[in-house]
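First the structure, in the form of structure tokens, and then the observations on it.
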Amino acid sequence: MSDTETPSTDEAPQALPGDGLREGIVDDLRNRIGASLIDSHIVPNTDLTVRVATDAWAETAAALKTAGFTWFSFLSAIDWMPSPYGNGENDPTVERAPIDMTITQGTCGGETRMQVFARLTDLDRHVGITIKADVPDDAPVVDSWTRSFAGANWHERECHEMFGIGFNGHPDLRNMYLPGDFEGHPLKKDFPLLARMVKPWPGIVDVEPMPEQPEPAQDAAEGGES
């Protein structure tokens, strides 16, 4: 073909790479929990994320464990609300532009300010899955995963402590890091980090200056006569 010729429009475009393994996992999960599987996102041959209905959060854990996802990696939450205090690295003495408080969720979307998410792995098939669910704004509570995965116990305690999310059926949601009478949840975006309001990152840090080092003695023979 010469440089002036154009490729034929009759040629079929190349198919995008597929991922039969992860597509099969999504289909299997849909068969197990039905319409409670709200959305899914596959990065071919790389990763898989699904979003499920809030009331199917614990059911999904049990379904995936039965399907072979027996390795519990972690459970946490994310607050999608932009911080009303801005970037903690900015100088608090400089006037900043108004902050856009529009909430925009990430992969697989969402309809609430906060979401819980967890990561499971099928060790036999060497494949992982991230599961997400919305946390209701008016009642930030979801069901506990501890009946399916005992390792979720302290992850849920941390999530409760830092984000204020409750977990129905958890045996003991006591704080792990903060005093029991501590007010507020430090990982929520509207929790004020007072140190950052006083001084920009890295905050108030007392660092002693390094002692001055003496100049190295110059070689007496350097540049001298032999």
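Residues in the stretch 40-67 that are in a strand (DSSP E or B) and surrounded by fewer than 14 Cβ atoms within 10 Å (Cβ to Cβ): 43 alone.
Would you mind stating whether residue 70 is modelled with pLDDT of 70 or more and surrounded by 19 or more Cβ atoms within 10 Å (Cβ to Cβ)? No: the conditions fail for residue 70. Confirm whether residue 60 is closer than 25 Å to residue 114 by Cβ and touching a Pro at 6+ places or on another chain (Cβ under 8 Å). Against the criterion (closer than 25 Å to residue 114 by Cβ and touching a Pro at 6+ places or on another chain (Cβ under 8 Å)), residue 60 does not qualify.
Could you list, in sequence order, the residues of the stretch 131-142 that are buried (at least 21 other Cβ atoms within 10 Å of the Cβ) and not β-branched (Val, Ile, Thr)? Once the filter is applied, which keeps residues that are buried (at least 21 other Cβ atoms within 10 Å of the Cβ) and not β-branched (Val, Ile, Thr), the stretch 131-142 yields 132, 133, 134.
Applying a threshold of 6 Å to beta carbon distances and a minimum spacing of six or more residues, or different chains, the list of pairs starting in the stretch 30-54 at a residue that is closer than 10 Å to residue 133 by Cα and ending at one that is of a type in the set (S, T, N, Q) and buried (at least 17 other Cβ atoms within 10 Å of the Cβ) reads 50/40; 52/36; 52/60; 53/36.
The values are calculated or read from the model by the stated rules, or taken from the named source; none is laboratory data. Note that the coordinates shown come from a computational prediction; the quantities given were computed from them, not determined experimentally. Ideal geometry is used to build each Cβ from the backbone, glycine not excepted, and the neighbour counts take in all protein chains shown.
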